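Novice: Have a look at the structure that comes next, please.
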Amino acid sequence: MYPHEDAVTGLLRDIRDLLSRGPDEEATDEILRLIGVPMPGNGLLRDARIYSEYLPKAKELIFTPEKRHLHLLWDAFDRSPLSLSVNFAFPFRRMIACQLFSTCGKNFCAEGDMRFNFGQNLTVGDDVFINRGLFIDTKAGVTLGNAVGIGDFVRIFTHSHGEANHEERTYAPVTIEPYAKIYTNTMILPGVTIGEGAIVAGGAVVTKDIPPWTVAAGAPAKAFRERRTEGNTGPALNHMWLADGAFQDE
């Protein structure tokens, strides 16, 4: 049993109740206080705006006050000492994700410093695990299928700029299909689909689709062999990310 588990459970319950209110401004202020990173003054939360609201896509992907508050809570949490308490951090991020993402499946686990610009354009399946330092440019939409695992400091992009005119932008969604694994420091470029069960080696630059059940590496990444599954598929692949399947028990 984790130390102070009763206190952690009680705090999570209080925050869940506050999140059920949207969260509105008052609830967001209280959650920030509870996690140890309060806004330093009255009215600042009402007037605060996040970076993504100044991006062109914000004209289409409108930020309601509630969406803004959820984004702010997600990013602010990594400035809190509580973010170091894993038995609080995983459930807290999961609660935020379930309201902020387009879809968030069961058993979602995210370590610290996961960043995205439009949470409402992120679709996440069941049993997805995110290591620390992930950046997802979700402007055109990103889908992570069931049991996807993403390593540290991965970068996923869904847009690019024109060379002659920086204000010309092209957008293309990224899909990572179920049971794929993306290892450390990989970069995935717009419009890519990584097939079911594929493995992308660390440091790869993925510019084109990766076929299902293959292993790919390099810059640009190319599939060079089939994944060794020994006949296992689906849950038999044991995509359990922590000891004894911790935090994957929904």
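The values are calculated or read from the model by the stated rules, or taken from the named source; none is laboratory data. Values in this document were obtained by computation on a predicted structure and should not be read as measured data. Cβ sites come from the backbone with ideal geometry, for glycine too, and all protein chains shown count toward neighbours. Side chains included, ligands, DNA and RNA excluded: accessible areas come from the protein's heavy atoms. Shrake-Rupley method; radii C 1.70, N 1.55, O 1.52, S 1.80 Å.
Novice: Does region 2-10 contain at least one residue that is over 30 Å from H159 (Cα atoms) and touching a helix residue (DSSP H, G or I) at 6+ places or on another chain (Cβ under 6 Å)? Don't jump to the end; show me each part of the working.
Specialist: Here is the first cut: in region 2-10, the ones over 30 Å from H159 (Cα atoms) are 2-10.
Still in the list and also touching a helix residue (DSSP H, G or I) at 6+ places or on another chain (Cβ under 6 Å): 2, 8.
Looking for residues that are over 30 Å from H159 (Cα atoms) and touching a helix residue (DSSP H, G or I) at 6+ places or on another chain (Cβ under 6 Å), one finds at least one in region 2-10, hence yes.
Novice: When the residues of region 127-177 are narrowed to those that are of a type in the set (K, R) and touching a helix residue (DSSP H, G or I) at 6+ places or on another chain (Cβ under 8 Å), which ends up modelled with the highest pLDDT?
Specialist: Of the residues in region 127-177, the ones of a type in the set (K, R) are 132, 139, 155, 169.
From what's left, touching a helix residue (DSSP H, G or I) at 6+ places or on another chain (Cβ under 8 Å): 139, 169.
Values: K139: 97, R169: 94.
Applying the filter and picking the extreme gives K139.
Novice: Another question about this same structure. It is to be established whether one or more residues within region 168-183 are farther than 23 Å from G112 by Cβ, more than 15 Å from the chain's Cα centre (by Cα) and small (G, A, S).
Specialist: yes
Novice: Inside region 4-17, can you point out the residues that are open to solvent by 40 Å² or more (accessible area, probe 1.4 Å) and in a helix (DSSP H, G or I)?
Specialist: E5, D6, A7, T9, R13, D14, R16, D17
Novice: Looking only at residues that are open to solvent by 40 Å² or more (accessible area, probe 1.4 Å) and under 14 Å from D152 (Cα atoms) in region 111-130, which one is nearest to the chain's Cα centre (by Cα)?
Specialist: Of everything passing the filter in region 111-130, R115 is nearest to the chain's Cα centre (by Cα).
Novice: Additional query: In region 234-250, how many residues are surrounded by 13 or more Cβ atoms within 10 Å (Cβ to Cβ) and in a loop (DSSP other than H, G, I, E, B)?
Specialist: 6
Novice: Follow-up question, since we're still on this one. Give region 149-175 a look and list any residue that's in contact (Cβ under 8 Å) with a residue 60 or more places away in the chain and open to solvent by less than 20 Å² (accessible area, probe 1.4 Å), or say none.
Specialist: G149
Novice: Quick one: how many residues across region 18-61 are assigned to a helix (DSSP H, G or I), exposed (fewer than 11 other Cβ atoms within 10 Å of the Cβ) and acidic (D, E)?
Specialist: 1
Novice: Only one residue in G195, G218, G191, G231 is out of contact with any Cys (no Cβ under 8 Å at 6 or more places or on another chain), open to solvent by less than 30 Å² (accessible area, probe 1.4 Å), free of Cβ contacts under 8 Å to residues at least 40 places away in the same chain and not aliphatic (A, V, I, L, M), so which one is that? First the steps, then the outcome.
Specialist: Details: G218 fails: open to solvent by less than 30 Å² (accessible area, probe 1.4 Å); G191 fails: open to solvent by less than 30 Å² (accessible area, probe 1.4 Å); G231 fails: open to solvent by less than 30 Å² (accessible area, probe 1.4 Å).
After applying the criteria, what remains is G195.
Novice: Same structure again: Yes or no: region 129-137 includes at least one residue that is assigned to a loop (DSSP other than H, G, I, E, B) and under 21 Å from Y179 (Cβ atoms). Don't jump to the end; show me each part of the working.
Specialist: The initial filter retains those residues of region 129-137 that are assigned to a loop (DSSP other than H, G, I, E, B), namely 131-134, 137.
Narrowing the set further to residues that are under 21 Å from Y179 (Cβ atoms) leaves 131, 134.
Yes, some residue in region 129-137 is assigned to a loop (DSSP other than H, G, I, E, B) and under 21 Å from Y179 (Cβ atoms).
Novice: Continuing with the same structure: So for region 88-99 (the condition being open to solvent by less than 30 Å² (accessible area, probe 1.4 Å), charged (D, E, K, R) and closer than 23 Å to F247 by Cβ), does at least one residue qualify?
Specialist: Yes, region 88-99 contains a residue that is open to solvent by less than 30 Å² (accessible area, probe 1.4 Å), charged (D, E, K, R) and closer than 23 Å to F247 by Cβ.
Novice: Hey, can you tell me all the residues within region 37-85 that are touching a residue at least 40 places away in the same chain (Cβ under 8 Å) and basic (K, R)?
Specialist: Selection gives K57, K67, R79.
Novice: I've got another one for you. Within region 175-207, work out how many residues are in a strand (DSSP E or B) and among the polar types (S, T, N, Q).
Specialist: Residues in region 175-207 being in a strand (DSSP E or B) and among the polar types (S, T, N, Q): 2 in total.
Novice: Any chance region 88-110 includes a residue that's touching a strand residue (DSSP E or B) at 6+ places or on another chain (Cβ under 6 Å), within 18 Å of F157 (Cα to Cα) and assigned to a loop (DSSP other than H, G, I, E, B)?
Specialist: The answer is yes; a qualifying residue exists.
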